[in-house]
1. Considering the range 70-85 alone, what residues qualify as being within 13 Å of the chain's Cα centre (by Cα) and either farther than 16 Å from LEU45 by Cβ or among the hydroxyl-bearing types (Ser, Thr, Tyr) (or both)?
2. Restricting attention to the range 59-91, which residues are without any contact (Cβ under 8 Å) to a residue 24 or more places away in the chain, assigned to a helix (DSSP H, G or I) and surrounded by fewer than 16 Cβ atoms within 10 Å (Cβ to Cβ)?
3. Among the numbered criteria (1) within 11 Å of the chain's Cα centre (by Cα); (2) modelled with pLDDT of 95 or more; (3) assigned to a helix (DSSP H, G or I), which single criterion is violated by ILE51?
4. Could you run through the range 1-36 and say how many residues are exposed (fewer than 12 other Cβ atoms within 10 Å of the Cβ) and modelled with pLDDT of 50 or more?
Amino acid sequence: MFKRGQSVENRDVPTQKSQTCSLRTQFGKNVVRLRIAKGLTQENLAEAAGISTRYTQSIEAGKYFPTLRTLSKLRKALDTTWDEMLRGCEG
């Protein structure tokens, strides 16, 4: 453990996530495409899905892949099909 005031520079902890996963990236692009097609802003989508705008931005940027519950909320907010949301994410 580190003592108060001790430097943490040498900790073996990555400072950022590893490479963006291509599936997260594709899913994020799908969300952007569907959101724009519906004429929604990130704020509108976040509010409709019951998630934060920051989380919406992170999903669209491919930083995070949402839980099944959040996927369902996004699908409903975007009024789309699972196929459209997950297009290109087959692996």
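1. Result: THR70, single match.
2. Across the range 59-91, the qualifying residues are LEU68, ARG69, SER72, TRP82, ASP83.
3. Going through (1) within 11 Å of the chain's Cα centre (by Cα); (2) modelled with pLDDT of 95 or more; (3) assigned to a helix (DSSP H, G or I) one by one, ILE51 breaks only (3).
4. Of the range 1-36, the ones exposed (fewer than 12 other Cβ atoms within 10 Å of the Cβ) are 1-19, 36.
Narrowing the set further to residues that are modelled with pLDDT of 50 or more leaves 3-5, 19, 36.
Residues in the range 1-36 being exposed (fewer than 12 other Cβ atoms within 10 Å of the Cβ) and modelled with pLDDT of 50 or more: 5 in total.
The values are calculated or read from the model by the stated rules, or taken from the named source; none is laboratory data. Bear in mind that the values here come from a model prediction, so they are computed numbers and not experimental data. Cβ coordinates were reconstructed from backbone atoms using ideal geometry, including for glycine residues, and neighbour counts include every protein chain displayed.
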